[in-house]
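*Asks:* Below is the structure I would like to discuss, written out as structure tokens.
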Amino acid sequence: MASHPSKRRRLTPPGEDGHDSASHDTKIQKAFFKSAANWSLEQDYESRPRKGKRKDAKKGSTEGAGRLPIKTAAGTWVVQDDAELVPSDTEWLQSEEEDEEVDKEPEAAAPEAPKIPEREQLRRAQEELAKIATQLNEDPEEHPGAFKALAKLGESPLLSIQKLCLVTQMTVYKDVIPGYRIRPASEDVAGEKLSKEVRRLRTYEQALVSGYHNYLKSLAKHATSPPIEKRKGGEPISSIAITCACTLVNAVPHFNFRGDLLRILVRKLSSRKLDSDFAKCRQALETLFQEDEEGNASMEAVSLLTKMMKAREYRVDESVLNMFLHLRLLSEFAGKASQDTVNRPGDAPNGKKPKAKKEFHTKRERKLLKEQKAAEKVMAQADATVSHEERERMQSETLKMVFATYFRILKQRVPHLMGAVLEGLAKYAHLINQDFFGDLLEALKDLIRESDGTEDAAEGETQGNDQDDGLSVVRDTNREALLCTVTAFALLEGQDAHNARTDLHLDLSFFITNLYRSLVSLSVNPDLELGAKSLRLDDPDDPTSPANGHRRNNKINLQTTTVLLMRCLTGVLLPPWNIRSVPPLRLAAFTKQLMTVALQMPEKSCQAVLGLLHDVVRTHGRKINALWNTEERKGDGTFKPLSETVEGSNPFTTTIWEGEILRKHYCPKVREELKLMEKELRAI
């Protein structure tokens, strides 16, 4: 009997409207999404029971009504409510932390983030610095926040990035700093209406000033930092900071916070270590003195230098004092000054300006003049110009500070600075007030009297005073005596010397006599033609050589001993204020002595002496012509070349025979100069 096949059931009933199962599934999915929009997931999560710390349920709450009791560990039956099942937020967080700690215990510690190599950090810093510097170079007013970004990069712990940031900031500020000072924001008028462009410019200016001030603070901090041991070829960050400060002092001396820059340089100049950084600071200040047209920056620098030297009791290097010789007032200032007062050409004899005749102006005219002066002042500030009167005032204040420093050192007899002080007084002698001549000449005479003492005593005194400071130096007393003589004669040069001698009773015979007695010793001096920049091998047996712990005494002044000697002899034999008043006895004594010492002098010095005698013969030939003729001797007795006085040498009792030896001198220029002098004598 055949069996009927099993009947297959339809799992998915067909749609009522005749659509297939795919359309039915789409309807179900849409219905699901529609109902899901009304779900409250947060409420479901909140009502879900949480595991927490259990508490004793002894609070008479009625919220647990209808719940089954639970048997506790003590054997009692209690009913728990929802508040006990769900802990507070604090307890839940604590429980979560405990669970996390329990879970973390078996796990290993998380690995640290990979450390970026220093070379990669430096490369990224270079790219970022280049990007910021380019933005500031193209349009600095559009990026006022870039100055803070530069400073932020400089806070890196890597020393190489700090150095790079210092140099980059220096270059950026040198390029973007304007040619005028920026007033602080506190000076702006409150409630002042500003246009959009002006407000944008002021925002940029204040950002520039703030960033520049912070940069100078970082320079000051790094300039005083101790050197750190580094790899070969690396420059310490202190040297880089000092280099940046020196560059900014010479590039933007007119801008804000100039005093902060100058303090960095002056602090380095106060140290005892004479290294390359010391030379950089000194060169930067010398350049500032030479190029400062206004005088304000020079006055501020001189003020800081004088205060520093006074605070250190003048235990500084002599090159710091020689920086004053580079001031522009040597050639520009026309007044006379001392350490207290300044007299200008138009002033009255007592130093006061004569009263100008008052002109009558109406009230309206006075108001207009006042407004005009205010407008001119604003225009002068905008043009960054300084009036002639203002520049003279600043130069006079600078000159007073320089003289005050010189006179204090002269009074205290600081041994290693005496040569530098006398050099400065000789340079500035034409700017010294006549009322101070008497006291200054007496101080110079005292110095010459000290030089007459024994050389050993001077060395012992010098080394005893400066041994603690590392400034031990042997004083060149002959050179100091020449500087005193130059200063004494320079005081009268270019002034009313006749009235000065009459009114102030100035007698220079003391200096003339000392110069005459020192000619023989100066002629055999081996350092006669050596100056501050001269080169010569050191004698290992010389106690004053650097190999034996002492510095060379020929490095304290700027001019050679021969130049100083020629200046002294010119003042004695050919005084510019009264060239015809030199007595014949003085002329004959110096002429005979100079011809004698020319035999021992080096080549250049011999030429200089014969050139000076040629000028003397041309001017006073009739007074000294008898020295070259044996039959025209006018005096009786014998010649005394080593006499203590000029008059006691009796020069007219001898003849000048040294010319016969100089005719056979090895130098052709010496022989030529001698022939010219004798030709001048024959023409008389």
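*Asks:* Answer yes or no as to whether G494 is more than 24 Å from V597 (Cβ to Cβ) and either in a helix (DSSP H, G or I) or modelled with pLDDT of 75 or more (or both).
*Replies:* Working: more than 24 Å from V597 (Cβ to Cβ): yes; either in a helix (DSSP H, G or I) or modelled with pLDDT of 75 or more (or both): no.
It is false that G494 is more than 24 Å from V597 (Cβ to Cβ) and either in a helix (DSSP H, G or I) or modelled with pLDDT of 75 or more (or both).
Let's see how each residue does on (1) of a type in the set (A, V, I, L, M, F, W, C); (2) surrounded by 20 or more Cβ atoms within 10 Å (Cβ to Cβ); (3) part of a helix (DSSP H, G or I); (4) at pLDDT below 85:
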| site | (1), (2), (3), (4) |
| --- | --- |
| L565 | yes, yes, yes, no |
| P576 | no, no, no, yes |
| L587 | yes, yes, yes, no |
| T591 | no, yes, yes, no |
| M595 | yes, yes, yes, no |
| Q600 | no, no, no, no |
| L613 | yes, yes, yes, no |
| N625 | no, no, yes, no |
| G637 | no, no, no, yes |
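*Asks:* Still on this structure, I have one more. State all residues of the range 143-168 that are part of a helix (DSSP H, G or I) and either in contact with a strand residue (DSSP E or B) (Cβ under 8 Å, 6 or more places away or on another chain) or in contact (Cβ under 8 Å) with a residue 60 or more places away in the chain (or both); if no residue qualifies, say none.
*Replies:* Here is the first cut: in the range 143-168, the residues part of a helix (DSSP H, G or I) are 146-153, 159-168.
Those that are part of a helix (DSSP H, G or I) and either in contact with a strand residue (DSSP E or B) (Cβ under 8 Å, 6 or more places away or on another chain) or in contact (Cβ under 8 Å) with a residue 60 or more places away in the chain (or both): F147, K148, L150, A151, L159, Q162, K163, L166, V167.
*Asks:* Quick one: which residue in R282, R267, R263, R272 is under 27 Å from L325 (Cα atoms), assigned by TED's automatic domain parsing to the domain that holds A151 and surrounded by fewer than 14 Cβ atoms within 10 Å (Cβ to Cβ)? If you could, list the steps in order and put the result at the bottom.
*Replies:* On the way: R282 fails: surrounded by fewer than 14 Cβ atoms within 10 Å (Cβ to Cβ); R267 fails: surrounded by fewer than 14 Cβ atoms within 10 Å (Cβ to Cβ); R263 fails: surrounded by fewer than 14 Cβ atoms within 10 Å (Cβ to Cβ).
Within the list R282, R267, R263, R272, the selection yields R272.
*Asks:* Follow-up question, since we're still on this one. For E205, only one of the following conditions fails: (1) of a type in the set (D, E, K, R); (2) within 18 Å of Y173 (Cα to Cα); (3) in contact (Cβ under 8 Å) with a residue 60 or more places away in the chain. What is its number?
*Replies:* (3)
*Asks:* Kindly establish whether R501 is assigned by TED's automatic domain parsing to the domain that holds A429, surrounded by 17 or more Cβ atoms within 10 Å (Cβ to Cβ), farther than 19 Å from E603 by Cα and modelled with pLDDT under 55. Write out each step before concluding.
*Replies:* Details: assigned by TED's automatic domain parsing to the domain that holds A429: yes; surrounded by 17 or more Cβ atoms within 10 Å (Cβ to Cβ): no; farther than 19 Å from E603 by Cα: yes; modelled with pLDDT under 55: yes.
So R501 does not fit the description; no.
*Asks:* Sticking with this structure for a sec: Read through the list (1) modelled with pLDDT of 90 or more; (2) surrounded by fewer than 18 Cβ atoms within 10 Å (Cβ to Cβ); (3) polar (S, T, N, Q), then give the number of the only condition that S319 fails.
*Replies:* (1)
*Asks:* While we're here: Pairs only if they're at least six apart or on different chains, beta carbon under 6 angstrom, first in the range 610-631 and charged (D, E, K, R), second assigned to a helix (DSSP H, G or I); list them, first residue then second.
*Replies:* From the range 610-631, the pairs are R618/E680; K623/P584; K623/L587.
*Asks:* Another question, if that's okay. For the range 94-112, indicate whether the set of residues that are at pLDDT below 85, farther than 30 Å from E205 by Cβ, charged (D, E, K, R) and under 60 Å from the mean Cα position of the chain (by Cα) is non-empty. Steps first, please.
*Replies:* Quick first cut of the range 94-112, residues at pLDDT below 85 only: 94-112.
If we keep only those that are farther than 30 Å from E205 by Cβ as well, we get 94-112.
Of the ones still in play, those that are also charged (D, E, K, R) are 96-101, 103-105, 107, 112.
Still in the list and also under 60 Å from the mean Cα position of the chain (by Cα): 112.
Yes, that holds for at least one residue.
*Asks:* For the range 590-604, which residues satisfy the criterion of being under 15 Å from V616 (Cα atoms) and of a type in the set (K, R)? First the steps, then the outcome.
*Replies:* Here is the first cut: in the range 590-604, the residues under 15 Å from V616 (Cα atoms) are 590-595.
Selection gives K592 alone.
*Asks:* What are the residues in the range 440-462 that are part of a helix (DSSP H, G or I), at pLDDT below 80 and either among the hydrophobic types (A, V, I, L, M, F, W, C) or touching a helix residue (DSSP H, G or I) at 6+ places or on another chain (Cβ under 9 Å) (or both), if any?
*Replies:* Initial filter on the range 440-462 (part of a helix (DSSP H, G or I)): 440-451, 455-462.
Checking the rest, the ones that are also at pLDDT below 80 come to 450-451, 455-462.
Selection gives E450, S451, E455, A457, A458, E461, T462.
*Asks:* Please work out if Q80 is at pLDDT below 85 and not in a helix (DSSP H, G or I).
*Replies:* Working: at pLDDT below 85: yes; not in a helix (DSSP H, G or I): yes.
So Q80 passes the test.
*Asks:* Can you name the number of the only condition in (1) under 17 Å from R682 (Cα atoms); (2) free of Cβ contacts under 8 Å to residues at least 12 places away in the same chain; (3) not in a helix (DSSP H, G or I) that T655 fails?
*Replies:* Only one criterion is unmet by T655, namely (2).
*Asks:* Just give me the residues in the range 639-652 being in a loop (DSSP other than H, G, I, E, B) and out of contact with any helix residue (DSSP H, G or I) (no Cβ under 8 Å at 6 or more places or on another chain), in sequence order.
*Replies:* Step one: list which residues in the range 639-652 are in a loop (DSSP other than H, G, I, E, B), which gives 639-646, 650.
N650 - this is the single residue of the range 639-652 that is in a loop (DSSP other than H, G, I, E, B) and out of contact with any helix residue (DSSP H, G or I) (no Cβ under 8 Å at 6 or more places or on another chain).
*Asks:* Let me ask another. Having 2 or more residues that are without any contact (Cβ under 8 Å) to a residue 12 or more places away in the chain and in contact with a strand residue (DSSP E or B) (Cβ under 9 Å, 6 or more places away or on another chain) is the bar; report the helices (runs of 4 or more DSSP H) wholly within the range 276-331 that clear it. Can you show your working first?
*Replies:* Numbers: elements: 276-291, 296-311, 318-322.
Filter on the range 276-331 gives an empty set.
*Asks:* Let me ask something else about it. Does the range 194-208 include one or more residues that are under 29 Å from R391 (Cβ atoms) and of a type outside the set (F, W, Y)? Give the steps one after another, and end with the answer.
*Replies:* Let us first name the residues in the range 194-208 that are under 29 Å from R391 (Cβ atoms), namely 205, 208.
Going one step further and asking which of them are of a type outside the set (F, W, Y), we end up with 205, 208.
Yes, that holds for at least one residue.
*Asks:* What do you reckon, is Q169 over 15 Å from L216 (Cβ atoms) and modelled with pLDDT of 85 or more? Spell out the reasoning first.
*Replies:* Working: over 15 Å from L216 (Cβ atoms): no; modelled with pLDDT of 85 or more: yes.
No: the conditions fail for Q169.
*Asks:* Here is a further query. Those residues that are of a type outside the set (D, E, K, R) and either touching a residue at least 60 places away in the same chain (Cβ under 8 Å) or not assigned by TED's automatic domain parsing to the domain that holds Q162 (or both), I need them from the range 123-142; list them, please. It would help to see each step written out before you state the result.
*Replies:* First, pick out the residues of the range 123-142 that are of a type outside the set (D, E, K, R): 125-126, 129-130, 132-137, 140.
Selection gives P140 alone.
*Asks:* Let me ask you something else. Only residues that are among the small types (G, A, S), out of contact with any Phe, Trp or Tyr (no Cβ under 9 Å at 6 or more places or on another chain) and modelled with pLDDT under 85: list them for the range 381-419, please. Working first, answer last.
*Replies:* Let us first name the residues in the range 381-419 that are among the small types (G, A, S), namely 382, 384, 387, 396, 404, 419.
The next check asks that each one be out of contact with any Phe, Trp or Tyr (no Cβ under 9 Å at 6 or more places or on another chain); those that pass are 387, 404, 419.
Correct list: S387, G419.
The values are calculated or read from the model by the stated rules, or taken from the named source; none is laboratory data. Since we're looking at a predicted model, the values are computed, not measured. Glycine also receives a Cβ, built like all others from the backbone with ideal geometry; neighbour counts cover every protein chain displayed.
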